[in-house]
Amino acid sequence: MTTEGLTPDETDELARRARDGDRGALETLLSAVRPRTLNVCRGVLPHSSDAEDACQEALLNVATKIGQWGGRGRFTTWLHVVAVNSARTTYRRLKNQAVATDTPQLERPDPRTTSVIAGTRLDLLEAMETIEREHPQLVEPLLLRDVYGMSYEEIAQQVGAPLGTIKAQIHHGRKLVRPLLRGTP
């Protein structure tokens, strides 16, 4: 079986086998989902090396925590959440390192001045960090819906919450994030 072009059902079957302890299936699965995982991380982190780091962390988390995938929904939906969380963790770590050193990093230009898209991503991450302090339950559904375009139903299944709760969380999250993205908290 090649790692290129797996159907969702084939991916789910590999994930089930990997979850049940099949090392070969785990290795094949990780190879198969690496490009998708990297794309998710690139969608959050503007620098390729940072996205690569987050992707590696996400794949390590998949390998060590695959037992947490319940098998109810698609494996790729669970993978998506793992990748987003790894990218956000990488972003937080980089932000904390930058604040701790308090010196400009000359080898890494400020993406806000080099790319509108990168600046927008960083603004969104900053807004999510702000919201997470008081409303952590709103962040994951909001990111999954508005950044990654997942359906409400997929999000409800992944998060394990009723559909109405997810819709309400996303609505409330959007109300909180709008002023932060406009720069008027």
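The values are calculated or read from the model by the stated rules, or taken from the named source; none is laboratory data. These figures come from a predicted structure and were not determined experimentally. A quick note on method: Cβ atoms are made from the backbone with ideal geometry, for glycine too, and the neighbour counts reach across all protein chains shown. Ligands, DNA and RNA are excluded from the accessible area calculation, which covers all protein heavy atoms including side chains. Shrake-Rupley method; radii C 1.70, N 1.55, O 1.52, S 1.80 Å.
Of the listed requirements (1) closer than 26 Å to F75 by Cα; (2) modelled with pLDDT of 85 or more; (3) open to solvent by less than 80 Å² (accessible area, probe 1.4 Å), P136 misses just one: (2).
Residues in the stretch 165-179 that are open to solvent by less than 50 Å² (accessible area, probe 1.4 Å) and among the hydrophobic types (A, V, I, L, M, F, W, C): I166, I170, V177. Taken together, the residues in the stretch 13-24 that are part of a helix (DSSP H, G or I) and farther than 19 Å from R74 by Cβ amount to 2.
Say we look at the stretch 148-164 and pick out the residues that are open to solvent by 60 Å² or more (accessible area, probe 1.4 Å) and outside any loop (DSSP other than H, G, I, E, B); which of these is modelled with the lowest pLDDT? Per the criteria, the residue is Q157.
The lone criterion from (1) surrounded by fewer than 19 Cβ atoms within 10 Å (Cβ to Cβ); (2) at pLDDT below 90; (3) closer than 19 Å to D146 by Cα left unmet by M1 is number (3). Being at pLDDT below 95 and within 13 Å of the chain's Cα centre (by Cα) is a condition met by at least one residue of the stretch 24-36. Screening the stretch 60-77 for residues that are more than 19 Å from T89 (Cβ to Cβ) and modelled with pLDDT of 90 or more and picking the one that is surrounded by the fewest Cβ atoms within 10 Å (Cβ to Cβ) gives G67.
The single condition among (1) outside any helix (DSSP H, G or I); (2) surrounded by 13 or more Cβ atoms within 10 Å (Cβ to Cβ) that L143 does not satisfy is (1).
Residue-level check: of (1) without any contact (Cβ under 8 Å) to a residue 24 or more places away in the chain; (2) not in a helix (DSSP H, G or I), E27 misses just (2). Has the stretch 37-59 got at least one residue that is surrounded by 16 or more Cβ atoms within 10 Å (Cβ to Cβ) and hydroxyl-bearing (S, T, Y)? Yes, the stretch 37-59 has at least one match. Across the stretch 4-36, what is the number of residues that are open to solvent by 30 Å² or more (accessible area, probe 1.4 Å) and farther than 30 Å from D123 by Cα? Here the count works out to 20.
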